[in-house]
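S.K.: Dropping a structure here in structure tokens format, bear with me for questions.
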């Protein structure tokens, strides 16, 4: 088994597709497919089964330079949805109005930087929490980036007649936003010691801005909304808001509880509770992470082809077995790789969603059947 991260790929979890216009996309066929697959999502949400398989179609262009063009973003995503029907899975794919990760920082007047062939970047604009607070310009939905996200949602809904599942845009945690997209990381660290009350005020402000923007998106998307959103298998039967909280790995438990946790939970209160994601290896913090109040689901990369620093599946399996928290994992590789990695993670009492990226429908079928067989054994 060749289980090594391929550094030559722009996106190890990506699938190449040929764009498909909305006029050529078969909405009734996808709705029928969605209805069949979502029956498994319903059963999973009602604890009638303990494992789901999701074959994610992540188009590299959509999450890089191509996100700048909403028309092309939709056509790439529709092509992915159309192709996904050939792959055996329990969870249908969905549309996402992705437009970078500096959405909330746009409210503070921090612009996107567009480098050729790259996704939009953000340079933190401030060295102190007080400076950032004083720089606030507008709510997120009135900022340049926030307006583009809302326009994109309207465009996607219009072109698909509101019939295709649609998620919120990528939601970063208040910690990620403050320590990567508003403050320089070192400044964030110093502020915890030098001006803790200012930092808490900034974190509270970020959580309020985020809550309002989440509600604006949910109101606009309406019945087409699927949760928890970006990076997660999502369904109308699932709940919570997916937050990328990668910078939890930068600070200890005590600091996280004081400067990050209250604001994550506040932002997540807009929709049932938090759903946690971090890139890289966070297995060593699993026991702490699962104590997050109201936590619904966690996401982690397994297998070396998925992430250059993947999690230990056995550690995550033991940590979340018997818990109410759903373990959502991503495994890049063929069915042999997927089943070998999954078997190391599988535990009695573990409720899990396995995201695969098998290249052919035949190999995906092998992975699908193998995962369900192992989960019953």
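Okay, residues lined up against (1) over 20 Å from residue 327 (Cβ atoms); (2) touching a strand residue (DSSP E or B) at 6+ places or on another chain (Cβ under 6 Å); (3) surrounded by 13 or more Cβ atoms within 10 Å (Cβ to Cβ); (4) modelled with pLDDT of 95 or more:
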site	(1), (2), (3), (4)
14	yes, yes, yes, no
48	no, no, no, no
56	no, yes, yes, yes
89	no, yes, yes, yes
92	yes, no, yes, yes
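S.K.: I've got another one for you. When you look at residue 273, is it touching a strand residue (DSSP E or B) at 6+ places or on another chain (Cβ under 7 Å) and in contact (Cβ under 8 Å) with a residue 24 or more places away in the chain, yes or no?
M.R.: Answer is no for this residue.
S.K.: Just need a number here: residues in the stretch 177-194 that are part of a helix (DSSP H, G or I) and surrounded by fewer than 23 Cβ atoms within 10 Å (Cβ to Cβ).
M.R.: Total meeting the criteria: 9.
S.K.: Another question, if that's okay. Checking residue 124 against (1) in a helix (DSSP H, G or I); (2) over 26 Å from residue 300 (Cβ atoms); (3) in contact with a strand residue (DSSP E or B) (Cβ under 8 Å, 6 or more places away or on another chain), only one condition comes out false. Which one?
M.R.: Failing condition for residue 124: (1).
S.K.: Right, next: Inspect all residues belonging to the stretch 230-241 and state whether any of them is closer than 18 Å to residue 171 by Cα, part of a helix (DSSP H, G or I) and touching a strand residue (DSSP E or B) at 6+ places or on another chain (Cβ under 7 Å).
M.R.: Within the stretch 230-241 (the criterion being closer than 18 Å to residue 171 by Cα, part of a helix (DSSP H, G or I) and touching a strand residue (DSSP E or B) at 6+ places or on another chain (Cβ under 7 Å)), the answer is no, since none of the residues qualifies.
S.K.: Okay, next question. Quickly run through the stretch 149-168 and pick out the residues that are part of a helix (DSSP H, G or I) and either in contact (Cβ under 8 Å) with a residue 60 or more places away in the chain or surrounded by 21 or more Cβ atoms within 10 Å (Cβ to Cβ) (or both). I'd like the intermediate steps shown before the answer.
M.R.: Start the filter on the stretch 149-168 by keeping residues that are part of a helix (DSSP H, G or I), which leaves 149-159.
Passing the criteria: 149, 150, 151, 152, 153, 154, 155, 156, 157, 159.
S.K.: Taking residue 201 as the residue in question, decide whether it is in a helix (DSSP H, G or I), closer than 21 Å to residue 267 by Cα and free of Cβ contacts under 8 Å to residues at least 60 places away in the same chain.
M.R.: For residue 201, the condition - in a helix (DSSP H, G or I), closer than 21 Å to residue 267 by Cα and free of Cβ contacts under 8 Å to residues at least 60 places away in the same chain - is not met.
S.K.: Can I ask one more? Check residue 35 against each of (1) free of Cβ contacts under 8 Å to residues at least 12 places away in the same chain; (2) crowded, with 17+ Cβ neighbours inside 10 Å; (3) out of contact with any helix residue (DSSP H, G or I) (no Cβ under 9 Å at 6 or more places or on another chain) and name the one condition it does not meet.
M.R.: All conditions pass for residue 35, except number (2).
S.K.: Does residue 222 qualify as being within 30 Å of residue 334 (Cα to Cα) and either surrounded by fewer than 21 Cβ atoms within 10 Å (Cβ to Cβ) or free of Cβ contacts under 8 Å to residues at least 60 places away in the same chain (or both)? Talk me through it step by step, then tell me what you get.
M.R.: Values: within 30 Å of residue 334 (Cα to Cα): no; either surrounded by fewer than 21 Cβ atoms within 10 Å (Cβ to Cβ) or free of Cβ contacts under 8 Å to residues at least 60 places away in the same chain (or both): yes.
The answer is no for residue 222.
S.K.: Output the number of the condition that residue 327 fails; it satisfies all remaining conditions of (1) without any contact (Cβ under 8 Å) to a residue 40 or more places away in the chain; (2) over 16 Å from the mean Cα position of the chain (by Cα); (3) within 23 Å of residue 274 (Cα to Cα); (4) not in a helix (DSSP H, G or I).
M.R.: Of everything listed in (1) without any contact (Cβ under 8 Å) to a residue 40 or more places away in the chain; (2) over 16 Å from the mean Cα position of the chain (by Cα); (3) within 23 Å of residue 274 (Cα to Cα); (4) not in a helix (DSSP H, G or I), residue 327 misses just condition (2).
S.K.: Let me ask something else about it. Select the helices (runs of 4 or more DSSP H) contained entirely in the stretch 254-324, then report the ones holding at least 3 residues which are crowded, with 17+ Cβ neighbours inside 10 Å, in contact with a helix residue (DSSP H, G or I) (Cβ under 6 Å, 6 or more places away or on another chain) and modelled with pLDDT of 95 or more.
M.R.: Qualifying helices (runs of 4 or more DSSP H): 261-268, 313-320.
S.K.: Taking residue 36, is it on the phi < 0 side of the Ramachandran plot and under 21 Å from the mean Cα position of the chain (by Cα)?
M.R.: no
The values are calculated or read from the model by the stated rules, or taken from the named source; none is laboratory data. Just so we're clear, the structure is a prediction, and the values are computed from it rather than from any experiment. Positions of Cβ are generated from backbone atoms using ideal geometry, with glycine treated the same way; all protein chains shown enter the neighbour counts.
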